[in-house]
Amino acid sequence: MTPSKLVFKNLVRRRGRFIFTLLGIMIGMGSFVTFMALGGSLKSQIERESAALGANLVVTPKGSCAYEQVSILTGEQLPTTITGDEVASISSIEGMTAIPYLAERSAIDNRPVSVMGVLPEETIKFKNWKLDQGGYFPADDSEGAVLGSILAEQFGLLPGAEIRIRGSQIKVLGVLEETGGKDDLTVFLSLPQAQRLYDQEGLVSYVAVRVDRLDEVELYANKIKEKVSLGVVSDKQMRSSVLSIVGTVNITLQLIAAVAILAAAFGIVNTMMTATYERKREIGILQAMGATRTGVFRLFLLESGVYGLIGGIGGAALGGVAAVFATPYISQNAATSFVKGAQVSIDPLMLLGAILFSTLVAMIAGLYPAIKASKLSPVEAISYE
Amino acid sequence: MSDSVITVNNLVKEYGSGAAMVKALRGVDLEIARGSFTCIVGPSGHGKSTLMHMLGGLDHPTSGSVTIDGQEIFQLGNKDLARLRAQKIGFVFQFFNLLQSLTATENIETALMLAGVPEEQQKKRAKELLQIVGLEEKANAKPRQLSGGQQQRVAIARALANDPPILLMDEPTGNLDSEAEAEVMSVLEALNRQGKTIIFVTHSNEIAARAEHLILVRDGQVDFTPSLKIAS
């Protein structure tokens, strides 16, 4: 016999109560782990997209809010209010490159996809794209479409195939190499063709700007503001404002999970208190056999700790599985939710931390019952009928 | 006296205070000889069990002292007192001696664990102890699968786990039939012959008649009348 074996025998003697208490902590820890994993995935996705944008500054319609900044990173449709004249005057500033985008939506096989109007020659240089199959737009106003790699694979589209956008048949010119960002899930058209198809002649959604000298980002932001009456954000500002929204959502979710864990902790207190009363006589016998108060305290604390440990392991497994299934639906937008490549980032350290946290919470919950048990006088315990 | 294993001096135990105060023990003095078989008898509620709990250091007196093997036990801290119980004293109570979720062997192993016997030696020792009380075939039975007499024999085996010199019995045969009582008594008498000091609280005249020494506890005081026959 060892203390841990004794604890285990005591744990499983009331199987139903053991399982229900365990379920409580598993559900609490499971939701906590799910939300942590989702938050981590959202955050890393935003950082990835922001890097893929490859811009130091983004020019947006005036008064655009954080929601639109999220849309730039996720490829949602945006209001198109920036005119060709404004793009021209931004482009005329020396020492930086300005790339206009027209962000629209369409559907292939009734599934929503992002459509992006771009200036072919400048964008391929700006984004450093490589072609995987087929060719690229031969000229800046060419007709035809270039597809992101995952989108092409998902719909089985090869160069030469045709897709239908706003009632027009458009020939697929080529497929890009995988970039790891939302470009993989986008249909690219030349800007003039996109503007024609969507009746947005001369208009764009936003302009990505890369400056030649990074230390002068602020200066160029001011130059742009002098020339045109539009909003200018740096990629850092955009990322931090988007991350702060994500952060708020994460904290809210984690608070909900914390409430679930707290409720589970009281479940443990309840179970252990009941066990203390039930085993009052046994505690007396243990003391008569030579168990110290500390020994009794340790046995009970260990018992509640085991609830936390097993519950934490179960919760981490449950939460990990839930996160894998939920991430595609939550962390990506509607256009990409069905596409493979949704990445859930589960940090093994986070799982380990969750298990330790769960054990700690359970042991704290077990403190009061364990103290109660250890304070029982042997005589009182034995005389209890 | 060098051959007394337990010496009790002016032991007083009071419960409550003021008008509601109950004097369970009113100054008890006694000595228990090493290797003796002593019965504590007396009417219910007159302090037998209280005295017995004090002898085993399970309860603290209001005043007075209990000395076991030269050690005044109430001067020990909780931890040392617990160690003394593990090493020197084996307890058997009237009811519910065993941990219900454990088998006979496991109950004995738990006592060995508390005395610091390494796990790999526990099984062998538990087997030997069950042989002493004649229950080796019930090694893996849970308490509820055992008869009352068998349960008490397992309890005795467990009390013997650490080979304590003293066995304290609080009416161990109190709820047994005469056949089971005989089983238990023959085990105890054999142990006594091997040198164990046995202190036995009982209501039974037959058992008291078999004791070497008789201590009558009445109104919280001790009355040494070895020839006394109890009218209960």
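Please treat every number below as a calculation from the coordinates, not as lab data. Bear in mind that the values here come from a model prediction, so they are computed numbers and not experimental data. Quick reminder, even Gly has a Cβ in these numbers, built from the backbone with ideal geometry, and neighbours come from all protein chains shown.
Taking square-rooted eigenvalues a ≥ b ≥ c of the alpha carbon gyration tensor, is region A:169-224 rounded, prolate or oblate, where a/c under 1.5 means rounded and, failing that, a/b exceeding b/c means prolate? Oblate is the answer for region A:169-224, as a/c is 1.5 or above yet b/c matches or exceeds a/b. Per-peptide packing, taken as the mean over residues of other Cβ atoms within 10 Å, places A:156-167, B:174-185 in the sequence B:174-185, A:156-167 from highest down.
The GluC sites (Glu not before Pro) of region A:184-290 that DSSP puts in a loop, and whose beta carbon has at most 15 other beta carbons within 10 Å, are A:Glu201.
Its Cα centre serving as origin, the protein assembly as shown has a Cβ charge dipole (Lys and Arg +1, Asp and Glu -1) of approximately 1800 debye.
Counting other Cβ atoms within 10 Å of each Cβ, which trypsin sites (Lys or Arg not before Pro) in region B:128-232 have at most 13 and sit in a DSSP loop?
Passing sites in region B:128-232 are B:Lys229.
Maximal additional length on extending the A:Lys9-A:Ala107 stretch stands at 29.2 nm, based on 0.36 nm per residue less the C-alpha distance. Amide H contacts for A:Val113 (H built 1.01 Å from N in the peptide plane; partners 5 or more residues away or on another chain; cut-off under 5 Å): A:Ser106, A:Ala107, A:Ile108. Residue by residue along B:19-27, Cβ atoms of other protein chains within 10 Å of the local Cβ number 0 on average. Residue exposure proxy: A:Tyr136, A:Tyr198, ordered by other Cβ atoms within 10 angstrom of their Cβ from fewest to most, comes out as A:Tyr136, A:Tyr198. When the label point is put 7 Å from the Cα of B:Arg218 along its Cα-to-beta-carbon vector, which residues of region B:17-36 have a backbone N closer than 17 Å? Correct set: B:25-29.
On a straight-distance basis, which lysines could pair with A:Lys127 in a cross-link, Cα separation under 24 angstrom, same-chain partners fewer than 8 positions away excluded? The reachable lysines, counting only those whose Cα sits under 24 Å from A:Lys127, are A:Lys43, A:Lys171, A:Lys182, A:Lys223, A:Lys236, A:Lys340. Compared with the dominant principal axis of the Cα atoms in chain B, helix B:78-88 is inclined by about 60°. Using a cutoff of 8 angstrom between alpha carbon atoms and counting only pairs six or more residues apart, the relative contact order for chain A works out to 29 percent.
Only helical runs count toward this figure. For chain B, summing -39,500 (n - 2.57) over DSSP H runs of n ≥ 4 and dividing by all residues gives -10000 deg cm²/dmol at 222 nm. Past the 21 Å Cα-Cα mark, which pairs from A:Lys62/A:Lys227; B:Lys123/B:Lys196; A:Lys9/B:Lys79? As for pairs spanning more than 21 Å Cα to Cα, those are B:Lys123/B:Lys196; A:Lys9/B:Lys79. Each Cα pair under 8 Å and six or more residues apart adds its separation to the average, and for region B:1-107 the resulting relative contact order is 26 percent. Centre-to-centre separation between the Cα atoms of region A:278-314 and those of region A:128-167: 67 Å. For chain A, the membrane-span-like helix rule (DSSP H, alpha carbon extent of at least 20 Å along the helix axis, mean Kyte-Doolittle at least -1.0) picks out A:15-53, A:235-278, A:293-330, A:348-375; this says nothing about an actual membrane.
Placing +1 on the Cβ of every Lys and Arg and -1 on the Cβ of every Asp and Glu, with nothing else charged, gives chain B a dipole about its Cα centre of roughly 280 debye. Scaled against the 2.2 N^0.38 Å expected of a compact globular protein of N residues, the Cα radius of gyration of chain A reads 1.42.
Cα centroids of region B:118-197 and region A:13-58: how far apart, whole angstrom? Cα centroid to Cα centroid, the span is 56 Å. The listed peptides A:1-7, A:251-257, ordered by packing as a protection proxy, come out as A:1-7, A:251-257 (highest mean of other Cβ atoms within 10 Å first). Taking region B:87-118 and a reference point 7 angstrom along Cα→Cβ of B:Glu72, no backbone N atom is nearer than 15 Å.
Structural descriptor for region B:95-232: relative contact order 21 percent, calculated from alpha carbon pairs under 8 angstrom and at least 6 residues apart.
Here region A:1-135 is treated with +1 on each Lys and Arg Cβ and -1 on each Asp and Glu Cβ, and its dipole about the Cα centre works out to around 1880 debye.
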